[in-house]
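FYI, it's all coordinate maths here, none of it is from the lab. Note that the coordinates shown come from a computational prediction; the quantities given were computed from them, not determined experimentally. No Cβ is skipped: glycine too gets one built from the backbone with ideal geometry, and neighbour counts run over all protein chains shown.
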Amino acid sequence: MQIYKVGGAVRDRLLGKPVTDIDWVVVGATTEEMLAKGFRPVGADFPVFLHPKSGEEYALARTERKSGRGYGGFTFHASPEVTLEEDLIRRDLTINAMAEDDQQNLTDPYHGQRDLEARLLRHVSPAFAEDPLRVLRVARFAARYATLGFTVAPETLGLMRELSESGELQALTAERSWKEISRALMEDQPQVFIEVLRECGALKVLMPEVDALFGVPQPEAHHPEIDTGVHTLSVLEQSAQHKQPLTVRWACLLHDLGKGLTPEEEWPRHIAHEHTGLKLIKAVNERFKAPKDCQELALLVGQYHTHGHRALELKPSTLLELLQSFDVYRRPQRFEEFISACEMDARGRKGLEQRSYPQADYLRGAATAARSVAVQPLLEKGFKGPELGEAIKRERLKALKAYKEAASA
Ligand code: ATP
Ligand code: MG
């Protein structure tokens, strides 16, 4: 048998990027030979194995053919006769379809190296259209390598457009889509992921709620960029520049969905968009089965981001309601993430990227003030049950009044 490094490991070495996980392809072997060498099978009927020591993935060279809708609709054929070239042609992009032996000799039948130099993301063969996930993968690679100057080849974008229009994207499972979306959001330029999806018509299918924001104006005084879609992309970009976690990035993407529902007569104002957006945020959350912490933060940021911006003007009672809604006493981290998302929203506006955001420290201070109310003295006074709850609330309100006065003095 011959063993080759393939895919990302080869691509990233040629790009001079650090290689994290290595995928291997094995030519000329049978399942029985792999098992005899101690490799562990990944699934019952898939020719992929884990190395007994390194745990890295070793796949038998295989060919694939589409036999139906969705990912289940694939038949593959793995046998010792399948050549390296036959295995490489089923891969998504030319830059991902190179292999290398242990002497670093490159096998590159589809000119991946040429496309690396030309900074092009190009499909390997027309079979690209057989798996709609590749639309998301290409958009994700575009986001990852945008800084290096990579763009999607026009022919590939054309295929992505056909796939988006064919209805095939709907056949993707939530799990496969979320994996790509979440990885793309964690790239340095996540806004490029959304831009590429929009360009090929996939955004309209996957997240029509986000697509609908393009062309919707906002008041120029607060939003010099005017367009809500452009603003959303900038907020996402800021979230990456500030190294925010996935929860915050997801919330940034979805925070203004309500603006897509505003009747045109009301433009450029968006009265109550925080409220109208909630059902849309919920729908997107559920469509991709986003993890619970992402879902929660997106809904809270959607509902309260304007409160964040107006923090310094909020009445102590409204501040208290805000802190209670976040359960800041038990979930301090979540409130901190909310503050970050608000800050990204404030900075994701044309020309305002470097502005200061005093609301952040003000909100942190308010949380500290409310949290500093001690329960013990109230217990000692004999408060119990719902009365105790009310008493704690009164004390917290007092603390917030004092905090607001001190801050404005
Ligand atoms: P990353 O750095 O994100 O891991 P990668 O290129 O290694 O990038 P993997 O998802 O680990 O991506 O897949 C390894 C290789 O398998 C890819 O380089 C590509 O050749 C191939 N591949 C993975 N998924 C697909 C797919 N859906 N369609 C075609 N080829 C794929
Ligand atoms: Mg990989």
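Quick look at the values:
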quantity	calculated
Rounded, prolate or oblate (a/c below 1.5 giving rounded, otherwise prolate when a/b exceeds b/c) for region 112-247 by Cα gyration tensor	prolate
Inter-centroid distance (Cα atoms) of region 348-386 relative to region 233-310, Å	22
Region 162-187 versus region 77-105: alpha-carbon centroid distance in Å	25
Cα shape, region 1-111, gyration tensor, a/c 1.5 rule	oblate
Intensity falloff of region 100-189 expressed as log10 I(q)/I(0), Debye formula with alpha-carbon point scatterers, at q = 0.12, 0.15, 0.20 Å⁻¹	-0.43, -0.65, -1.04
Cross-link pairs 5/179; 282/404; 243/401; 17/282; 204/282; 259/350 - those with Cα-Cα distance over 26 Å	282/404; 243/401; 17/282
Ranked 134, 140, 364, criterion: other C-beta atoms within 10 Å, fewest first	364, 134, 140
Value of [θ]222 nm, deg cm²/dmol, for the chain, DSSP H segments ≥ 4, -39500 (n - 2.57) each, nearest 500	-15000 deg cm²/dmol
The chain: angle of helix 292-309 to the longest principal axis, Cα-based, in degrees nearest 10	40
11 Å beta-carbon shell around residue 305, net charge (K/R +1, D/E -1)	-3
Tilt relative to the chain, helix 332-347 - C-alpha long axis, 0 to 90 degrees, to 10	80
Among 377, 41, 190: highest mean-square fluctuation, GNM of the chain, C-alpha pairs under 10 Å	377
Rg over Rh, two decimals, region 336-376 (C-alpha only, Kirkwood Rh)	1.18
Between 0 and 90°, nearest 10: helix 174-185 axis offset from the chain longest Cα axis	70
Computed over region 246-405, Cα set: Rg, Dmax in Å	17.4, 58
Estimated Rh, the chain: Kirkwood, alpha-carbon pairs, angstrom	24.1
Against the rule of thumb 2.2 N^0.38 Å, how large the Cα Rg of region 265-339 comes out	1.20
Under 5 Å, built H, 5+ apart or other chain: amide partners of residue 74	67
For region 353-409, alpha-carbon Rg over 2.2 N^0.38 Å	1.44
Cβ-Cβ FRET estimate between residue 372 and residue 13, R0 fixed at 51 Å, reported to 0.05	0.45
Fluctuation leader among 266, 180, 168 - the chain, Gaussian network, Cα springs under 10 angstrom	266
Top of 302, 348, 28 by mean-square fluctuation, Gaussian network on the chain, Cα under 10 Å	28
